[in-house]
Every structure is written in structure tokens, then in C-alpha cells.
1. Return yes when L177 is buried (at least 19 other Cβ atoms within 10 Å of the Cβ) and of a type outside the set (D, E, K, R) and no when it is not.
2. For residues in the stretch 184-201 being surrounded by fewer than 19 Cβ atoms within 10 Å (Cβ to Cβ) and not small (G, A, S), which is farthest from R124 (Cα to Cα)?
3. Out of A67, A61, A141, which single residue is crowded, with 20+ Cβ neighbours inside 10 Å, in the same structural domain as R36 (by TED's automatic domain parsing) and in contact with a strand residue (DSSP E or B) (Cβ under 7 Å, 6 or more places away or on another chain)?
4. Is at least one residue of the stretch 209-226 modelled with pLDDT under 95, within 20 Å of the chain's Cα centre (by Cα) and either over 30 Å from L98 (Cβ atoms) or not small (G, A, S) (or both)?
5. Does S335 fit the bill of being free of Cβ contacts under 8 Å to residues at least 40 places away in the same chain and surrounded by 15 or more Cβ atoms within 10 Å (Cβ to Cβ)?
6. What pairs can you find where one residue is in the stretch 204-224 and assigned by TED's automatic domain parsing to the domain that holds G282 and within 17 Å of L355 (Cβ to Cβ), the other is of a type in the set (S, T, Y) and surrounded by fewer than 17 Cβ atoms within 10 Å (Cβ to Cβ), and their Cβ atoms are less than 9 Å apart, with a gap of 6+ or different chains?
Amino acid sequence: MGGDDGLVLLTGPDAQGLLAAVLGTSGEELVAWRVRQVDHRPGSSTTVAYDAMVRGPGGTARQVLGASTGLRTPGAAPPGVLALSDGDTTVAVWRFPLDPGLPALPTATDEAAVRALLASYGVRTNGLRLDVRSYRPRRRAVVEVRGDGVRLFLKVLRPKVVAALHERHRLLLAAGLPVPRSLGWSDDGLLVLAALTGATLRTRLREGGSPAPDGAALIGLLDRLPAEVCDLPLRRSWTDSVDHYARVLGAALPAEAGRATDLAGRVHALTHDAPADQPTHGDFYETQLLLDGPRVTGLLDVDTAGRGRRADDLACLLAHVGVLAQMEPVHRATSHALGAQWLRAFERTVDPQELRARVAGVVLSLATGPHRVQQADWQAATTARLDLAQSWLDSADRALSGPPVALWG
């Protein structure tokens, strides 16, 4: 059916036949479709989500479909998943929520099942409403649950990681960090989290940036991570994985393959020997922080908490702020001002050259985003993010004392 781990097959015109095949098993017809999200892992697999218009006995409706070359054995396809093979490549095709990597997703998106689940935790409510907030095929999903006096989030994960995430929440909450309380988890990969109050730091940036936590407050928040976090498994940071992201970029945009490889090499040269022996959040950026005024009231998505490097957490926030400025130029001045203040504060606690190189590494990882979500102008957006990564590396090489505007998109 196709090489290159299925990238061309699952994003090109031949994907139509695969999608039509899974719909045909229930007598439905594919009317129209488009790629909405691509997760390409060179040398391993490709997973794609699609928006589809589907005609059935009850009329035409929008559905989300998925396909992946990552299913190893056709005979092991779960119910609702169609496995197709030409002898060389096996493709699993499904419709949301029957994702083969997320067996708890049907429960999390079914009102009766969620009501029964909550009752098992002693939570009873009327007027239940479920809203899918995010979905990354075969990786994770988040469903918001609202009812009379109740607001929760159901986090759907691969079953093998859910118990460990529950324990991370318990550890950090006991240490006094403002993380969501976990009510419990299920063997098939569903974690129930209490909602927190506050607006995200990204929302604050879009509203003008004031009030927002200063660099010292953000460092203080990370200082509260308990030493026991270092007992958790070491997780490769975005910077550690720059070679992987360079390969992803090269496969998606061959014209930039050489530059992506060169940038990854420069990041490695400046960061390769730093020890990873500090407690870290692992994915520290503006949508993970909830605020009440300048005070942080929530720290979200602690899946990645573990032993690592403080510079990676700080670099992650700076990189995201720079990319946000590219994505939303109307907020560029706000992002620039806050980012520059944070950079000055951060460079008083970690090596400035290493920090800037690590920012470049995170930007390189974020450069895969426009293609992954199939942004309309993804080629130009990818090139712009590579330009931003290059600016941060040039800054690190020259050891500049002040941040030029170019560092913020």
C-alpha cells in the first residue's frame, strides 16, 4: 500500500479508499473528506485524523475518522477497527471514538457511561454535558464534563500510562502545587480530574498581558516541585529529541530538510553534556498555567513531570511565547515584552547560552506543528518557525546581552 511509514498513503488521494472501506462495513457512504491532523514518526508509523462528511440512513453528518500504520497485527484489531493489508503495510482505520490506542474513549464520550462512572466516585449530577476539548489519535483525548454543580475533565490515555499519571497528580498535590485533584482512574486508560479556576496565561497574553506572573514567580513555581519528582522516569526533553523533529520536518517539507538537520546539530553542540538531575514539569508553557490576576492557580498536564533540566522548562515557555507571536501578530508586542522580561530573569538562574540553544530546540519541535494540524499555509509557517529557531541559535552563538525583537517572532 505504501512506504515512508504510510505518510503519502494516508495523506494523499489513496486515503479515500481506506475511509470508504471502514464506512462501508455499516452501509454508509463517504461524501467528502480532508486531513485534519498528521502524526508522522519516521521509521515507525503515521497516524492521521480526518474530517469527513458521511451519508447514512439518517442523512448526512460530519464524523471524525482515523487511520494509522502503527497497528502491528491485523488479527488483533479491536471491535469497530478495520485492518487492511497488502502484505507489506497494515493500516488500521476507525471512526471516532473507536480509537484502537484509546480503549476508554467510547466511555468518555457516552453520557450514560460517564454518569455511571461518576456515580461510582460518589458524584451524581443532572443535566450532564460532554465536550471533547482535544483529540490526538492513538495518543490522548480530553473531555470536559459539566453538570449541575459539577465540572470535571476526563483525560483518556493509553492504558499503560494512566496509573502513573494518577500518582503524579497525588505527589504534586501533596507537595502543595496547584495541580488538578485526581478522583481516580480505570484500567482502560481513563483519568478523572477535578477542574481548577482561573484563565490560562495564553488568554492573559491575548488580553494585553497584564497582570501576569513575572519571571521570579515562574521560577518560584518550579522551585516548589518536590525532590521526589527526580525518582520518576527520565523523560527525553524536546531538546533531546531535535534529531527526530528534524527528520519529521524533512519528510514533510524536503526543501527545508538540510536546514532542519543543521539546526538540530547546532542545538546538540551547545546542549549535549548538561546533566538531567532536577525536578521538572517537562512541558511548561502558557496554556499549562491558570491565573487569578498575576497569581498562578493551576499547573496542568503533568504527564511529563520527571527528572530533567530546569533550563528545558524555562526554554519551553520562551519558545512557545515566540511561536505565539508568529501565530497571532496582534499580540506580538505583549509577547515580546513579557518574553524579554522572563528571559532576563531566567538567565540569572541558568547558563544564558545553553538556555537560548534549548529555546531553539523547542522551536524546532514546534516547527512540526503547522503540518501536523494541516494549517492552510503550513509550508510558510514551518519556514518561519525554522527562521525563529535559527535566530535563537545565532543569539546563543554570539552570547548577546539583550534579546533582539527577532527572538520573539
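The values are calculated or read from the model by the stated rules, or taken from the named source; none is laboratory data. Bear in mind that the values here come from a model prediction, so they are computed numbers and not experimental data. Positions of Cβ are backbone-derived with ideal geometry, glycine not excepted, and every protein chain shown enters the neighbour counts.
1. yes
2. The selected residue is T200.
3. Criteria check complete, one pass: A67.
4. No, every residue in the stretch 209-226 fails to be modelled with pLDDT under 95, within 20 Å of the chain's Cα centre (by Cα) and either over 30 Å from L98 (Cβ atoms) or not small (G, A, S) (or both).
5. Spelling it out, it is not the case that S335 is free of Cβ contacts under 8 Å to residues at least 40 places away in the same chain and surrounded by 15 or more Cβ atoms within 10 Å (Cβ to Cβ).
6. So the pair list comes out as G215/T349; I219/T349.
Let's see how each residue does on (1) charged (D, E, K, R); (2) more than 24 Å from the chain's Cα centre (by Cα):
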site: D5; (1), (2): yes, no
site: T11; (1), (2): no, no
site: D14; (1), (2): yes, yes
site: V22; (1), (2): no, yes
site: V31; (1), (2): no, yes
site: S45; (1), (2): no, no
site: D51; (1), (2): yes, no
site: R55; (1), (2): yes, yes
site: Q63; (1), (2): no, no
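Let's see how each residue does on (1) within 21 Å of G322 (Cα to Cα); (2) in contact (Cβ under 8 Å) with a residue 12 or more places away in the chain:
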site	(1), (2)
A257	no, no
P275	no, yes
G282	yes, yes
L299	yes, yes
G308	no, yes
